[in-house]
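Working notes, beginning with the structure itself.
The values are calculated or read from the model by the stated rules, or taken from the named source; none is laboratory data. Remember, predicted model here, so these are calculated numbers, not experimental data. Counting neighbours? That spans all protein chains shown, and the Cβs are built from the backbone with ideal geometry, glycine included.
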Amino acid sequence: MNTIGDKLKLTTFGESHGVAIGGVLDGFPSRFRIDFERVADELRARAPQSETETMRYEQDKVEWLSGIMNGVTLGTPIAFIVRNNEHYSSDYSELEHVYRPSHADLAYEQRYGIRDYRGGGRASGRETVARVIAGALAQQWLETQGVSIIIDIKEKKDIPAGDSAGGRVNCRIIGVKAGLGNPVFDKIQSQLASSVLSIPACHGFEYGSGFDLYGSEYNDQMRIEDGRIVYLTNHSGGMLGGITTGQEISFSAVFKPTPSISLQQQTINDKGENVMITVKGRHDRSVVRRASVVVRAMAALTIMNYYL
């Protein structure tokens, strides 16, 4: 599936080495003035910035196709594209018949009978550009409701030559009102988990204080102060029974080590032969910092969907 959300729907399209990456955001409120520079800021935050990140430097200039007039939303679908200009498909020519370890290469071919071997196609982190653009709009709208999203990361700094590493993104959503979400199959934490786990390389989602406490330590006791409900702690991460409590929402997302490494590895080819592979190209040795921007975008889209 390439669509997420029900009241606020985002559909993304495009491949890593295709003509463009794009999206259609449907359900966004009308008469909202967009700050395009802030959209550009989010794209710059997602762009590579260090030697441990990809050397593919795309300009990521957004072309707005519909849904906005004179900087104001019309209430109609907001369509946009970002053209791919800095892709070198020749870097991947050797992979046409070989499956990279821990990549989606073989899985895609088993599912569809064909795959885009040029940079991973839809399974590439390049796909997340559309999420960041849509998420930037959602963040701006949420701020009018008093909601802000803060992220920080934990990742390894000293990565051995030719290797890669994973890490963790912590996210705090501040100012969310109580009573958002639904019980059983539409719990707000399950929707957050679904949206965040859809990010390439994301392998784990945890909210609240985890599993190391006793019940007597974990339970968020309550009292009334000045006529209002006050929680003494927030081990539940701001969500109970699938519904927001009015406290800060907190969760973390775990990202695996980037599978594209230059060290030699064992794999197979499409002839059923055992072969050795050394992955070439321009790859992130750690995706955590750049992925944190996508986590913020997906959190914004998910929370805004419940506000509408």
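ASP158 satisfies every condition listed in (1) over 24 Å from TYR306 (Cβ atoms); (2) part of a helix (DSSP H, G or I) except (2). Against the condition out of contact with any strand residue (DSSP E or B) (no Cβ under 7 Å at 6 or more places or on another chain), of a type in the set (A, V, I, L, M) and modelled with pLDDT under 95, how does MET1 come out, does it pass? For MET1, the condition - out of contact with any strand residue (DSSP E or B) (no Cβ under 7 Å at 6 or more places or on another chain), of a type in the set (A, V, I, L, M) and modelled with pLDDT under 95 - is met. When TRP64 is tested against (1) in a strand (DSSP E or B); (2) among the aromatic types (Phe, Trp, Tyr); (3) at pLDDT below 95, exactly one condition is not met: (3). Can you name the residue in region 98-137 that is of a type in the set (Val, Ile, Thr) and within 21 Å of ILE149 (Cβ to Cβ) and is also surrounded by the most Cβ atoms within 10 Å (Cβ to Cβ) among such residues? Once the filter is applied, the top-ranked residue is ILE133.
Selection of region 197-240 for residues being part of a strand (DSSP E or B) and farther than 30 Å from THR258 by Cα yields MET222, ARG223, ILE224, GLU225, ARG228, ILE229, VAL230, TYR231, MET239, LEU240. The residue that is surrounded by the most Cβ atoms within 10 Å (Cβ to Cβ), counting only those in region 11-29 that are under 30 Å from PHE185 (Cβ atoms) and touching a Gly at 6+ places or on another chain (Cβ under 6 Å), is THR12.
Per this entry, TYR231 is counted among residues that are surrounded by 14 or more Cβ atoms within 10 Å (Cβ to Cβ), free of Cβ contacts under 8 Å to residues at least 24 places away in the same chain and touching a Lys or Arg at 6+ places or on another chain (Cβ under 9 Å). For first residues located in region 261-287 and farther than 18 Å from HIS97 by Cα, partners that are modelled with pLDDT of 90 or more and part of a strand (DSSP E or B) and lie 6+ apart or on another chain with Cβ distances below 6 Å form the pairs SER286/GLU155; VAL287/PHE255. Hey, among the residues in region 21-49 that are modelled with pLDDT of 95 or more and of a type in the set (A, V, I, L, M), which one's farthest from VAL72 (Cα to Cα)? Of everything passing the filter in region 21-49, ILE21 is farthest from VAL72 (Cα to Cα).
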